[in-house]
Every structure is written in structure tokens, then in C-alpha cells.
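The values are calculated or read from the model by the stated rules, or taken from the named source; none is laboratory data. Computed from a prediction, not measured in an experiment: that's the story for all the values here. Because the Cβ atoms are built from the backbone with ideal geometry, glycine has one as well, and the counts that use them run over all protein chains shown.
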């Protein structure tokens, strides 16, 4: 191998390494930017609805909560699309899903931080209200006294477990995350673009 060919190989390896580092930096920046924006939407909505929870109720509150999650996780689509454009237009399904899933994870972490603050500082009466809601729901369903007592025992056991900050955070993290992962899968399927697809588009342009 000649000296020139050795230098060329070294330059090619250096360019490849730099390109990989740039992609990694771009991915981190995209994940944090869109993840924090999505998380801010979730957090602000939780704080805004908190004063009205008694009038809204738990059932309607869940509907509002999951609707907000879907809207907030639409940032996954825009984040993955932005990342694809920044790295040259080529994006595999796996990388697209990874970017989307990480955005969902950052957003869900923001959701957890906000809920922990609400639970321990702003709404210390939440466990009692939630237990009363569950018991009332079971009674209104026409359940027998034995079934009501079993449900009460379940709720009390769960709320006792929920007092543990780590368990509380873990359970809360799993509330929005599945929604984000589903949207990440859909986004990855829509936005993936292989090299041969891009070449085909350029050829027909």
C-alpha cells in the first residue's frame, strides 16, 4: 500500500468518525429540544387543570390527561422529521424509532417531576380523594358488599405502595410512556427513508 493510499484511507476514516459524532450530537440536541418542549406541554397542562380537579372529576380528568399526552407527543413526529432533515434525509426505521422513543422518555420524565411536586406539595389529599372515588364507583356499579370490601383493600394496598417515592415515580413514568412509544412507532414507519428510496426520488425529480 502506498503512502498516498494510506493517507486517503486515514482521511476517509476521520471523515466517517466526524460524521458519526455529528449525527450523535444532532440526535442528542433533537431529543432534548423536542423532549423538553413536549414535557413542558404535559407539565403546564397538569398544573393548569389541578385547581379544577374536584369539578372535573377523575374520569373526565383521565380523558383530558390522555388527550394532552397525544397532543404533546405529536412533537415526536416533528422531532424525528427535523433530525432526518439535519442528517441528510436518510433515516432507518430503527433510528427513527430510537429518536422518537428518547423524546418520549424525556417528556415522560418531565411529567414525573411535575407529578411528584404536585403529589407531595400541592395535593397531599390526593390518596384520600382517589380512594373515595374508587369506592363510590364500585358501589354505583351494584357490586356486593364483599366485592366492595375487596376493592377497598386493593386500593388501600396500592396507595400504601404509592407512598414510596420510587414506586410513585415508576408508576407515573409508565402512564405517558406507552402513548409516546406508539406514536414513535407510527412516526418511524411514516418518516423512514432508505438510501434507495432517496435515490429513486432524485431520479424521478
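Values computed for the structure shown
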item: Single condition residue 192 does not satisfy, out of (1) surrounded by fewer than 17 Cβ atoms within 10 Å (Cβ to Cβ); (2) under 23 Å from the mean Cα position of the chain (by Cα); (3) modelled with pLDDT under 90; result: (1)
item: In the stretch 78-90, residue nearest to the chain's Cα centre (by Cα) [restricted to those that are under 16 Å from residue 180 (Cα atoms) and surrounded by fewer than 19 Cβ atoms within 10 Å (Cβ to Cβ)]; result: 78
item: Odd one out for residue 203, checked against (1) over 20 Å from residue 70 (Cα atoms); (2) at pLDDT 85 or above; result: (2)
item: So residue 67, is it within 16 Å of the chain's Cα centre (by Cα), under 30 Å from residue 135 (Cβ atoms) and surrounded by fewer than 17 Cβ atoms within 10 Å (Cβ to Cβ); result: yes
item: Number of the condition not met by residue 49 [criteria: (1) surrounded by fewer than 18 Cβ atoms within 10 Å (Cβ to Cβ); (2) under 30 Å from residue 20 (Cβ atoms)]; result: (2)
item: Helices (runs of 4 or more DSSP H) (entirely within the stretch 111-186) containing at least 1 residues that are at pLDDT below 90, within 23 Å of residue 52 (Cα to Cα) and touching a helix residue (DSSP H, G or I) at 6+ places or on another chain (Cβ under 8 Å); result: 126-140, 145-162
item: Entirely in the stretch 52-108, the helices (runs of 4 or more DSSP H) that have 3 or more residues that are in contact (Cβ under 8 Å) with a residue 24 or more places away in the chain, closer than 16 Å to residue 25 by Cα and out of contact with any strand residue (DSSP E or B) (no Cβ under 6 Å at 6 or more places or on another chain); result: 74-86
item: Residue 23 vs. criteria surrounded by 14 or more Cβ atoms within 10 Å (Cβ to Cβ), over 19 Å from residue 175 (Cα atoms) and modelled with pLDDT under 90; result: yes
